[in-house]
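Take a look at the structure set out below.
The values are calculated or read from the model by the stated rules, or taken from the named source; none is laboratory data. In this text, all values refer to a predicted model and were calculated from it rather than measured experimentally. Backbone-built Cβ (ideal geometry, glycine too); neighbour counts: all protein chains shown. Protein only, heavy atoms only, side chains kept; ligands, DNA and RNA dropped before computing areas. Shrake-Rupley method; radii C 1.70, N 1.55, O 1.52, S 1.80 Å.
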Amino acid sequence: GGGTAVVQVRATDRDIGINSVLSYYITEGNEDMTFRMDRISGEISTRPAPPDREHRSFYHLVVTVEDEGTPTLSATTHVFVTIVDENDNAPVFQQPHYEIVLDEGPDTINATLITIQALDPDEGPNGTVSYAIVAGNIINTFRIDRHTGVISAAKELDYEISHGRYTLTVTATDQCPILSQRLTSITTVLVNVNDINDNVPTFPRDYEGPFDVTEGQPGPRVWTFLAHDQDSGPNGQVEYSIMDGDPLGEFVISPVEGVLRVRKDVELDRETIAFYNLTVCARDRGVPPLSSTMLVGIRVLDINDNDPVLLNLPMNITISENSPVSSFVAHILASDADSGCNALLTFNITAGNRERAFSINATVGDPQSSF
């Protein structure tokens, strides 16, 4: 430190009186004026500004002593001063911050990403630097060699987790034996991550439906289906299409919005196809593209759009005039292509039944004689 006594130089003179009065001077080696010398006592001390080992670590001082006689007589001696290091310098990084750009993915695992370096002009443990990542290391993705400053990836870099960038705070700390006197510097390492197409578009469920669509209506909307892709840019842009289950091409899905509907120029016919299992595909725009599918069930609801059809008429029947009342005459067969209540048939005799000679079972279609 400044003002510290270094050494006292002492000389003797066998003369007496004024001829033995001595004065001391530093005559060589103190060009930077680090030291001063008491002219009377011969004590060498440092000036208020302490010596800086990093500037100069060794001094060879030439000290001259003179008496006050006439003529003046003098002698010289040599003082060697070694400056001992103090931990007065913090490590200094070579750059204020570091920045790299990498692609995400498994190829980054165990890869050396960047080497950072901080220099400490102190010596020994005071100048030995140890590195550490103290912030920004999401799920411990990175590791750093504490001795060399080499940063590598312990896990694969992930664009989706990092939102495109890892911001690492890295420290460089010297290894002063006195822990409380250790000095630390900080830098920032920016790891920018490019997205690759590593996420498949995903539907919330593998199956949706069944959705009810009434037949005979032009272009009804079925539903909107959305798949999520965690990638960014074109890698995360999803397009929709119908892959299977639509043999007549009656459905269409908007490629961007995912709206599924019956084509506007088409009316579904339950009697042709009563149920559809459509395979809907979500494909991203990455290179190469990734895709997934889901199954959509569509049930076609009936409307009463089909007339009943008599299957075994006309027919000729001969019966005896003496047939008893309620004798079985014939079984009339009919069908209706509709379903449910739209296909429930009732039978009536509407003409030719003079004197109401015949009756018919309204639900079965069995005519009987009434005479």
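Among the residues making up the stretch 44-59, a single one is open to solvent by 80 Å² or more (accessible area, probe 1.4 Å) and at pLDDT 90 or above: Phe58. Within the stretch 61-75, the residues that satisfy the criterion of being open to solvent by 30 Å² or more (accessible area, probe 1.4 Å) and either touching a helix residue (DSSP H, G or I) at 6+ places or on another chain (Cβ under 6 Å) or charged (D, E, K, R) (or both) are Glu66, Glu68. Taking the criterion of being assigned to a strand (DSSP E or B) and either among the polar types (S, T, N, Q) or out of contact with any strand residue (DSSP E or B) (no Cβ under 9 Å at 6 or more places or on another chain) (or both), the residues of the stretch 20-44 that qualify are Ser23, Thr27. Checked against the criterion of being touching a Pro at 6+ places or on another chain (Cβ under 6 Å) and farther than 30 Å from Gly136 by Cβ, the candidates Glu239, Glu257, Glu208 yield just one match: Glu239. Pairs linking a residue in the stretch 1-23 that is closer than 20 Å to Arg47 by Cβ and among the aliphatic types (A, V, I, L, M) to a residue that is open to solvent by less than 60 Å² (accessible area, probe 1.4 Å) and assigned to a loop (DSSP other than H, G, I, E, B), with Cβ atoms under 6 Å and 6 or more positions apart or on different chains, are Val9/Gly42. Among the residues of this structure, Cys341 does not count as one that is out of contact with any Gly (no Cβ under 9 Å at 6 or more places or on another chain) and surrounded by 12 or more Cβ atoms within 10 Å (Cβ to Cβ).
Considering only residues of the stretch 290-302 that are of a type outside the set (S, T, N, Q) and surrounded by 17 or more Cβ atoms within 10 Å (Cβ to Cβ), which is farthest from the chain's Cα centre (by Cα)? Looking at the filtered set, the residue picked out is Asp302. Scanning the stretch 18-67 for residues that are of a type in the set (S, T, N, Q) and more than 60 Å from the chain's Cα centre (by Cα) yields Asn19, Ser20, Ser23, Thr27, Asn30, Ser41, Ser45, Thr64.
To keep it simple, each residue is scored yes or no on (1) part of a strand (DSSP E or B); (2) surrounded by 13 or more Cβ atoms within 10 Å (Cβ to Cβ); (3) at pLDDT below 85; (4) out of contact with any Asp or Glu (no Cβ under 9 Å at 6 or more places or on another chain).
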position	(1), (2), (3), (4)
Asn322	no, no, yes, yes
Ala337	no, yes, yes, no
Phe347	no, yes, no, no
Thr350	no, no, no, yes
Thr363	no, no, yes, yes
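Within the stretch 76-105, being closer than 30 Å to Val63 by Cβ and open to solvent by less than 50 Å² (accessible area, probe 1.4 Å) holds for Val79, Val81, Ile83, Asp85. The listed residues are Ile196, Ile186, Ile178, and the only one of them that is under 23 Å from the mean Cα position of the chain (by Cα) and open to solvent by 50 Å² or more (accessible area, probe 1.4 Å) turns out to be Ile196.
Here is the figure for the stretch 83-105: residues that are at pLDDT below 90 and either under 30 Å from Ser232 (Cβ atoms) or aliphatic (A, V, I, L, M) (or both) total 4.
For the stretch 314-331, which residues satisfy the criterion of being touching a strand residue (DSSP E or B) at 6+ places or on another chain (Cβ under 6 Å) and either touching a residue at least 60 places away in the same chain (Cβ under 8 Å) or among the β-branched types (Val, Ile, Thr) (or both)? Once the filter is applied, which keeps residues that are touching a strand residue (DSSP E or B) at 6+ places or on another chain (Cβ under 6 Å) and either touching a residue at least 60 places away in the same chain (Cβ under 8 Å) or among the β-branched types (Val, Ile, Thr) (or both), the stretch 314-331 yields only Val329. Residues that are in contact (Cβ under 8 Å) with a residue 60 or more places away in the chain, surrounded by 15 or more Cβ atoms within 10 Å (Cβ to Cβ) and under 28 Å from Asp231 (Cα atoms) within the stretch 114-165 comprise Ile114, Tyr159, Glu160, listed in sequence order. Look at the stretch 189-214: where a residue is under 23 Å from Gly233 (Cβ atoms) and a partner is basic (Lys, Arg) and open to solvent by 40 Å² or more (accessible area, probe 1.4 Å), sitting 6+ places away or on another chain with Cβ atoms under 8 Å, you get Leu190/Arg165; Val191/Arg165; Asn192/Arg165; Val193/Arg165; Pro201/Arg283.
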